[in-house]
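This report concerns only the one structure given below.
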Amino acid sequence: MPAKISTAIRQRAARIKLLLCDVDGVLTDGSVFIGGEREVKRFNIRDGLGLILAQRAGLKVGWVSARPSVVTEMRAKELKIDFLVQQGDKISKTGAIEKLLAREKFNWDEVCFVGDDVVDLGPLARAGLGVAVADARPQVKAAADFVTRAAGGRGAVREVIEMILRAQGKWEPVIAVYRK
């Protein structure tokens, strides 16, 4: 059952044109298995379909990670994610996002940012809709406009996408094709 959404959150969600997500702890459960030739991460398949549905409904989607990862890049390519930022400086995601917004002509009010840890505080504070996953750090939850019921890597991104598309009146049209 989806969380009860306030009118204010619904109005913010209706303005979103760009969904940006942290990766580790949001699209995954935060676990990274390293050994052999590459690392392994577990992504939620429902989040993946949600990202595809968001794009079909006209949203742009991107991932912003402070930690570069070949596995993240592989999953982003598989899902045809519009923007992948793997900054590597581990300090400020805000600056990296501001460059993206300027290049693509978006403003912060049109952005939903989903995060889980302190490196996400800057984007959460600036985004038109800042979202923390259910198992986010306490200060991240406190900074967010909305906290999901689902944990990171357990469908939280899908929950956010459904909320945005419902607020925009796009959810039923985008899933109608699956009712045939």
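The values are calculated or read from the model by the stated rules, or taken from the named source; none is laboratory data. Computed from a predicted model, the values in this text were never measured in an experiment. Neighbour counts run over all protein chains shown; Cβ positions are idealised from the backbone, glycine included. Surface accessibility is based on the protein's heavy atoms, side chains included, excluding ligands, DNA and RNA. Shrake-Rupley method; radii C 1.70, N 1.55, O 1.52, S 1.80 Å.
Can you spot a residue in the range 54-76 that is under 18 Å from I16 (Cβ atoms), touching a Ser or Thr at 6+ places or on another chain (Cβ under 9 Å), hydrophobic (A, V, I, L, M, F, W, C) and part of a loop (DSSP other than H, G, I, E, B)?
Looking for residues that are under 18 Å from I16 (Cβ atoms), touching a Ser or Thr at 6+ places or on another chain (Cβ under 9 Å), hydrophobic (A, V, I, L, M, F, W, C) and part of a loop (DSSP other than H, G, I, E, B), one finds none in the range 54-76, hence no.
So if I check each of V118, V177, V133, V147, which one is β-branched (V, I, T) and surrounded by 24 or more Cβ atoms within 10 Å (Cβ to Cβ)? Before you say what the answer is, go through the steps one by one.
Details: V118 fails: surrounded by 24 or more Cβ atoms within 10 Å (Cβ to Cβ); V177 fails: surrounded by 24 or more Cβ atoms within 10 Å (Cβ to Cβ); V147 fails: surrounded by 24 or more Cβ atoms within 10 Å (Cβ to Cβ).
When all the criteria are applied, what remains is V133.
Is it true that A150 is in a loop (DSSP other than H, G, I, E, B) and either of a type outside the set (A, V, I, L, M) or free of Cβ contacts under 8 Å to residues at least 24 places away in the same chain (or both)? If you could, list the steps in order and put the result at the bottom.
Values: in a loop (DSSP other than H, G, I, E, B): yes; either of a type outside the set (A, V, I, L, M) or free of Cβ contacts under 8 Å to residues at least 24 places away in the same chain (or both): yes.
Yes: the conditions hold for A150.
Starting from the range 97-122, take each residue that is among the aliphatic types (A, V, I, L, M) and list its partners that are modelled with pLDDT under 95, counting only C-beta distances under 6 angstrom and pairs at least six apart or across chains.
What qualifies is V119/A66.
Pairs under 7 Å by beta carbon, first residue closer than 19 Å to D135 by Cβ in the range 154-166, partner open to solvent by 40 Å² or more (accessible area, probe 1.4 Å) and part of a helix (DSSP H, G or I), six or more apart or different chains?
Cβ pairs passing all conditions: G155/R46; R158/R46.
Tally up the residues in the range 150-174 that are open to solvent by 60 Å² or more (accessible area, probe 1.4 Å) and among the acidic types (D, E), please. Quick ask: steps written out before the conclusion?
Going through the range 150-174, the residues open to solvent by 60 Å² or more (accessible area, probe 1.4 Å) turn out to be 154, 166, 170, 172-173.
Right, trim to among the acidic types (D, E) and you get 172.
Final tally of qualifying residues: 1.
Is it the case that some residue within the range 128-137 is basic (K, R) and assigned to a helix (DSSP H, G or I)? Outline the logic, then answer.
Initial filter on the range 128-137 (basic (K, R)): 137.
Then keep just the ones that are assigned to a helix (DSSP H, G or I); that gives none.
No: the range 128-137 contains no residue that is basic (K, R) and assigned to a helix (DSSP H, G or I).
Residue-wise test of (1) open to solvent by 40 Å² or more (accessible area, probe 1.4 Å); (2) not hydroxyl-bearing (S, T, Y).
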residue	(1), (2)
S65	no, no
T72	no, no
R75	no, yes
L79	no, yes
Q87	yes, yes
K93	no, yes
A96	no, yes
A102	yes, yes
K105	yes, yes
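Mind listing whichever residues of the range 4-55 are open to solvent by 10 Å² or more (accessible area, probe 1.4 Å) and among the small types (G, A, S)?
S6, A8, A14, G30, S31, G35, G36
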